[in-house]
Structures are given as C-alpha cells and as structure tokens.
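Colleague: Just dropping this structure here.
The values are calculated or read from the model by the stated rules, or taken from the named source; none is laboratory data. Computed from a prediction, not measured in an experiment: that's the story for all the values here. When we count neighbours, we look across all protein chains shown, and the Cβ atoms used for this are built from the backbone with ideal geometry, even at glycine. The area values use the complete protein model at the heavy-atom level, side chains included, leaving out ligands, DNA and RNA. Shrake-Rupley method; radii C 1.70, N 1.55, O 1.52, S 1.80 Å.
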Amino acid sequence: QQGQQKPCLNLDAPKCAIDDWWTSVPGYRGKQRIWDTRLLDVGINYQGHLSRFHNFYQKLRSGKPIVTMAYGSSFVLDAAGCWQTSVQALWDLGIVPNPTLYPHPNVHVLTKWDPSWLEGRCSSSGYMDALMEQVNASYPNPKHIFINNGRGGGSLQMIVEASCISAHAPEHVDLVLLDTVTNHAPWQAGEKLLRSLLKGPGSPIVVMVSNSHHCLRPQYMAPELSTRCGLDCLLKGKGSRSYPGCHGLPETYTKGEYDFWHESIAPYQKLAQHYDVAHLNMHDIMHSIMNSGLNSTLNLNAFELLSRFYQDTVHLRKSDLGVMLVADLVLHWMMKGLDALREGAAAGRPPPPPASSLPLPPPLAPESTTWYKTRCYGMALKDLEGKTDIREVHGRAWSDMLGAPSQSNLFQQLPALQVTKSEGWELQIYYQGKRHKQIKPGWITNTPGALLQFKVNSTFPEATPAAGSSDGGGAVEVLLLYTVSYDGWGQARVSCISHCTCMEHILDAANKEKSSLHRHHRIEVTPHEQCTMQLEVLQSSSSGGHKFKLTSVMVRVKVAEKV
C-alpha cells in the first residue's frame with residue numbers, strides 16, 4: 001500500500017525526518033540509504049538567493065499551482081520522471097510536449113506506471129516527479145505541472161541553440177533544474193539560458209545540478225572505455241567481482257580524476273555565485289562515498305558500490321540508489337531554503353525582497369547576451385495519446401510529412417518540415433531499445449548517395465536588429481540537428497539547391513567515443529519563403545559506414561537580448 005506523504009515542504013508543518021521524505025514514492029520504498037544529511041550537505045555547493053524561495057512559497061501558500069521544469073541530457077530525460085497523467089495538461093500551457101518523451105513508447109497513453117523502470121522513461125519514481133509528490137503533499141493542487149525537457153545525448157549548448165527552447169517552455173515558470181555537465185558543452189550556453197530564465201516573469205528558483213563521472217582520462221577512446229573505465233563491468237556485470245569484465249580495473253574516483261572533473265564543473269559554481277542561483281554537485285557526493293571506506297563496511301568492492309548508483313560513466317542506476325540519491329539531494333536543498341525562511345521569520349527579520357527586484361548582473365561572457373528569433377520544424381507528437389496501432393501512427397506521420405492536408409496533423413504548433421524529395425531515406429518514429437521502443441523521430445538512411453530535399457522559410461521580416469548590427473539585423477541561419485554515434489555512421493553534404501543560396505557543408509556523424517549524441521550545425525542562408533535544401537550521404541566515411549539521421553531543423557536570426 002502506498003503511504004500518505006508527510007508534507008515536508010510546508011512552511012507551517014513540523015520538520016520531517018529523512019525516513020519520512022518519500023513515503024508516497026513507490027520506487028523508493030524498501031531501499032536502505034547508505035548516506036545521511038551530512039553527506040547531502042557536501043553536494044550543496046551554493047544555496048541561491050532566499051528571495052526566490054520566498055517568492056515560490058508565497059505562491060504555494062496563496063493556493064496557486066506552480067510550474068517546474070528541467071533541462072538537460074538523459075540525466076533529465078530518463079531519470080527526472082513525469083508528474084502529469086495527461087499530455088493535455090502540457091498542451092494547455094501553450095507549449096509543445098517533449099517529442100522524445102511523451103507519450104508512453106509502447107501503448108501511447110501517458111500514465112504513471114509501474115516503478116520497475118522496465119516499461120518506459122516516465123516512472124513515478126523520477127527525482128523531479130518525487131519532488132512534485134512532496135510539493136503536492138505540502139500544498140495540494142491538481143494543476144501543479146512538471147515539464148521534462150530532457151534530450152538524450154543533448155548538452156546545454158544543443159538545448160539552447162538548437163532545440164527550439166521557446167516552443168517547449170511556458171512564459172511563466174517557478175522552478176527550473178539545469179543538468180550542466182553530463183554532456184560537455186561551453187559553459188556560456190548555461191549562462192545564456194540562465195539569463196533568459198532569470199529575466200522571465202516568474203523570477204524562478206534556478207538550480208544547476210552537476211552530474212558525476214568516474215572515468216575522465218581524456219585519452220581513452222571507445223575500445224578502452226569498456227576496459228579501463230569498466231563500462232562492461234557496470235552495464236553487464238553490475239560491478240560484480242565474479243564478472244570477468246570487472247577484473248583488473250584501475251582505481252576509480254582518485255584525486256587526479258576528481259581534480260580533472262572539478263575543472264569542468266568550476267565554471268558553473270562561478271555562474272551560481274555570480275547570479276546567486278543554486279548549484280548541486282553530485283560529483284562531490286560520489287567522491288566522498290567512494291573514498292569513505294563504505295565499500296569495506298558493506299563488503300563490496302569499489303565497482304560493486306559504484307554500480308549501486310551508476311549503470312555506466314554518467315547514467316544513474318534507476319533500479320537501485322542512483323535516482324533516489326538525486327531526489328534526496330534536491331529535496332534536502334529545498335528544505336534548507338525552507339529552514340532559512342522559517343529561521344528568519346522566527347527571529348523577526350523582514351522577508352526577503354521580491355525576487356523580481358533582484359538585478360540581473362552583467363554577463364561573464366559577452367556572447368551570453370546573444371539571443372535568436374527562431375522558426376522550428378520538428379516532430380511534436382500531439383495526437384498519439386490513446387493510439388494503440390503503430391501502423392496508424394506511422395501512416396499518419398508519413399502523410400503529414402508529405403503534406404497531405406486531409407490528415408490530422410501530428411506536428412501541431414510546430415510547422416511540418418516539407419520534404420519534397422526522399423531517395424533512400426525513411427522517417428523513423430521509433431527506435432527499438434534493449435527493452436522497449438523509444439520515440440526518437442527523425443529521417444534516417446544507411447545508403448551512400450541517398451538524397452533528402454526539404455523546404456524552410458528563411459525570412460524574418462519582424463526580426464529585431466541585433467546590437468551593433470550594421471545591416472539592420474543578424475544573418476539568417478539554418479540549424480540542422482543530427483545524430484553522432486560510434487557504430488558505422490557516415491558523412492553527408494548539405495547544400496542549398498533552390499530559391500536561396502548557402503555554402504556547402506560536410507557533416508560527419510561518426511563519433512570516436514562509445515556514445516550517441518546530438519550535434520547541431522549552423523549554415524548561413526539567404527532569405528526566401530521557399531528555401532530548398534538538400535542532404536546527400538557521401539561515399540566517403542571516416543568510420544566505414546553510412547548511417548545518418550536528421551532529427552530536427554531550425555531557422556533563426558540574431559536579435560538583441562530581451563530587456
């Protein structure tokens with residue numbers, strides 16, 4: 001039986017003991033923590049300004065619903081979870097739900113399902129879903145919303161530059177979590193997103209979360225990752241000393257590797273202090289756990305202990321303690337903000353100033369003020385809810401992409417990408433993972449010489465001139481988002497063939513590392529409403545293969561930072 005959740009985030013309720021944090025979260029029940037709140041304190045690198053917490057709780061106490069959101073890689077997509085039991089709740093916000101998450105990959109109905117994590121991404125035991133359980137237990141409201149904007153293989157740079165961020169986020173949001181370093185990207189992208197969020201009308205709480213990484217030797221390429229970093233040991237052997245792939249592995253979480261990863265995380269700590277927003281550091285926690293002697297106490301070797309938290313170098317072990325540890329860290333940080341508000345009230349101190357009055361400091365990087373007006377083409381699968389026939393879904397998707405007006409539009413609120421010619425390409429809606437189908441839409445081929453032609457509108461008559469622009473506006477760019485991976489991926493030439501002009505570019509989808517990521521490529525084009533572009537897969541290939549997948553297209557023009 002599911003227990004009744006104690007309201008641990010209610011300003012007027014007693015403090016909760018750690019064992020009472022998740023009584024209503026089925027995926028955490030029966031799991032024995034091997035940490036306490038002192039260890040969670042290690043992971044709170046910066047708390048953030050209390051005005052944003054005050055603003056958040058004032059809204060909850062007034063009976064209003066709150067909107068929370070998370071951006072990041074699979075650290076968000078696969079592990080943050082969902083809250084709504086209907087996709088319609090997201091459409092009602094005027095946004096496009098995450099097309100790689102909703103709805104359920106097998107039955108096309110978004111429900112909170114079994115917490116075994118075997119049936120899909122949106123478990124009711126994700127760390128942000130668990131936080132929403134606490135929010136709702138403390139201040140019940142059926143209209144609370146959580147928006148999972150994770151992108152598997154995506155970095156903050158990809159999300160900011162090429163994911164059509166405005167289409168997937170409402171104007172008003174109250175709390176935002178940012179996954180900073182699971183996939184490397186310049187920290188300036190994080191600053192750009194921070195500035196946009198802090199200038200929004202909601203004056204939201206922003207918390208950056210830096211993931212851990214146990215194997216950081218930059219010289220290791222794909223073949224060595226399995227042996228030197230213990231990927232086979234973690235993925236297949238779950239760290240077991242009896243698994244052959246777990247023998248003879250080097251030490252993990254050494255001081256040298258901690259220092260190397262800390263250099264990657266340090267810019268986000270600087271951003272947190274500069275903008276007075278929160279920063280949580282999973283690497284600090286994991287380094288402490290792995291060097292605490294806990295493995296000896298529990299009679300585990302190092303990789304057996306690590307496997308309880310991570311299933312590879314960066315992905316949380318959902319079935320054991322990994323996701324629960326992140327949920328504990330986020331809730332503990334929220335409760336520390338709550339405690340500070342309580343202590344201030346008890347001491348008779350005036351409440352913090354309104355969050356909207358907090359000044360936005362100057363940027364640390366000048367390019368962080370650059371923003372774009374965008375036009376997005378992609379696959380927001382709105383009409384799948386309730387559909388059970390995969391053939392019907394495929395058929396409607398094909399007819400939509402081919403422009404049949406009589407069909408219900410799968411791409412409502414985003415213009416359909418008008419494909420005018422396809423030779424050797426096919427539209428893939430699903431990717432068959434090891435345990436279930438995943439919605440990973442895109443045009444895919446494995447044929448040298450395959451041609452894909454499509455039209456975009458590259459005109460922006462209403463664009464605001466960019467600061468310092470001598471020609472009245474920034475150049476129009478087309479951004480192509482494509483998959484890069486390690487198993488037989490090839491190269492493609494992109495060019496403009498009708499109504500607009502651009503330089504030819506070569507895109508290489510081969511990845512030397514054993515990972516699958518998204519990469520975006522910018523192409524400057526001349527304006528035209530019927531700009532026709534072409535992708536052609538080349539005979540040449542750095543990997544020997546010819547696979548290529550186009551996942552989305554965006555057109556943009558530079559504008560001044562929002563004021």
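Colleague: I'd like the full set of residues that are at pLDDT 95 or above and open to solvent by 40 Å² or more (accessible area, probe 1.4 Å), limited to the range 334-361.
Modeller: Lys336 - this is the single residue of the range 334-361 that is at pLDDT 95 or above and open to solvent by 40 Å² or more (accessible area, probe 1.4 Å).
Colleague: Now for a separate question. For residues in the range 502-524 being part of a loop (DSSP other than H, G, I, E, B) and within 29 Å of the chain's Cα centre (by Cα), which is nearest to Ile165 (Cα to Cα)?
Modeller: Step by step, filter the range 502-524, then rank; the result is Ser516.
Colleague: Restricting the range 483-504 to residues that are surrounded by fewer than 21 Cβ atoms within 10 Å (Cβ to Cβ) and aliphatic (A, V, I, L, M), which is nearest to Trp443 (Cα to Cα)?
Modeller: The selected residue is Val484.
Colleague: Also, quick follow-up: Output the residue which, of all residues in the range 435-458 that are among the hydrophobic types (A, V, I, L, M, F, W, C) and at pLDDT 90 or above, is farthest from Trp91 (Cα to Cα).
Modeller: Selected residue: Ala450.
Colleague: Scan the helices (runs of 4 or more DSSP H) fully inside the range 22-131 and keep the ones with 1 or more residues being modelled with pLDDT of 85 or more.
Modeller: Because the criterion is at least 1 residues that are modelled with pLDDT of 85 or more, the helices (runs of 4 or more DSSP H) in the range 22-131 that meet it are 37-42, 50-61, 74-77.
Colleague: Applying the selection to the range 1-20, what residues are in a loop (DSSP other than H, G, I, E, B), farther than 19 Å from Asn141 by Cα and in contact (Cβ under 8 Å) with a residue 40 or more places away in the chain?
Modeller: If the condition is that a residue be in a loop (DSSP other than H, G, I, E, B), farther than 19 Å from Asn141 by Cα and in contact (Cβ under 8 Å) with a residue 40 or more places away in the chain, then Lys15, Cys16 are the ones that fit.
Colleague: Does Lys387 satisfy the criteria of being closer than 30 Å to Val476 by Cβ, touching a helix residue (DSSP H, G or I) at 6+ places or on another chain (Cβ under 8 Å) and either at pLDDT 75 or above or open to solvent by less than 70 Å² (accessible area, probe 1.4 Å) (or both)?
Modeller: Judged against the criteria, Lys387 is not a match.
Colleague: Residues in the range 150-158: is at least one surrounded by 24 or more Cβ atoms within 10 Å (Cβ to Cβ), at pLDDT below 90 and assigned to a helix (DSSP H, G or I)?
Modeller: Checking the range 150-158: at least one residue is surrounded by 24 or more Cβ atoms within 10 Å (Cβ to Cβ), at pLDDT below 90 and assigned to a helix (DSSP H, G or I).
Colleague: Asn291: in contact (Cβ under 8 Å) with a residue 40 or more places away in the chain and surrounded by fewer than 19 Cβ atoms within 10 Å (Cβ to Cβ), yes or no?
Modeller: The answer is no for Asn291.
Colleague: Same structure again: Restricting attention to the range 9-23, report how many residues are of a type in the set (Gly, Ala, Ser) and either under 19 Å from Ile66 (Cα atoms) or open to solvent by 30 Å² or more (accessible area, probe 1.4 Å) (or both).
Modeller: Within the range 9-23, residues that are of a type in the set (Gly, Ala, Ser) and either under 19 Å from Ile66 (Cα atoms) or open to solvent by 30 Å² or more (accessible area, probe 1.4 Å) (or both) number 1.
Colleague: Taking Gln432 as the residue in question, decide whether it is open to solvent by 50 Å² or more (accessible area, probe 1.4 Å), out of contact with any strand residue (DSSP E or B) (no Cβ under 9 Å at 6 or more places or on another chain) and modelled with pLDDT under 85.
Modeller: For Gln432, the condition - open to solvent by 50 Å² or more (accessible area, probe 1.4 Å), out of contact with any strand residue (DSSP E or B) (no Cβ under 9 Å at 6 or more places or on another chain) and modelled with pLDDT under 85 - is not met.
Colleague: Which of (1) crowded, with 19+ Cβ neighbours inside 10 Å; (2) modelled with pLDDT of 90 or more does Gln534 not meet, given it meets every other one?
Modeller: Status for Gln534: all satisfied but (1).
Colleague: Select from the range 221-230 the residues that are out of contact with any Pro (no Cβ under 9 Å at 6 or more places or on another chain) and of a type in the set (Gly, Ala, Ser) and write down the one among them that is modelled with the lowest pLDDT.
Modeller: Only one residue tops the list, namely Ala222.
Colleague: Tally time: how many residues in the range 181-205 are part of a loop (DSSP other than H, G, I, E, B), open to solvent by 10 Å² or more (accessible area, probe 1.4 Å) and not polar (S, T, N, Q)?
Modeller: So the answer is 6.
Colleague: When residues of the range 231-267 are filtered for being open to solvent by less than 60 Å² (accessible area, probe 1.4 Å), modelled with pLDDT under 85 and within 21 Å of Ser485 (Cβ to Cβ), how many remain?
Modeller: The qualifying residues number 2.
Colleague: Moving on to the next point. Tally the residues that are buried (at least 18 other Cβ atoms within 10 Å of the Cβ) and either of a type in the set (A, V, I, L, M, F, W, C) or more than 16 Å from Val330 (Cα to Cα) (or both), restricting the search to the range 35-48.
Modeller: Counting residues in the range 35-48 that are buried (at least 18 other Cβ atoms within 10 Å of the Cβ) and either of a type in the set (A, V, I, L, M, F, W, C) or more than 16 Å from Val330 (Cα to Cα) (or both) gives 4.
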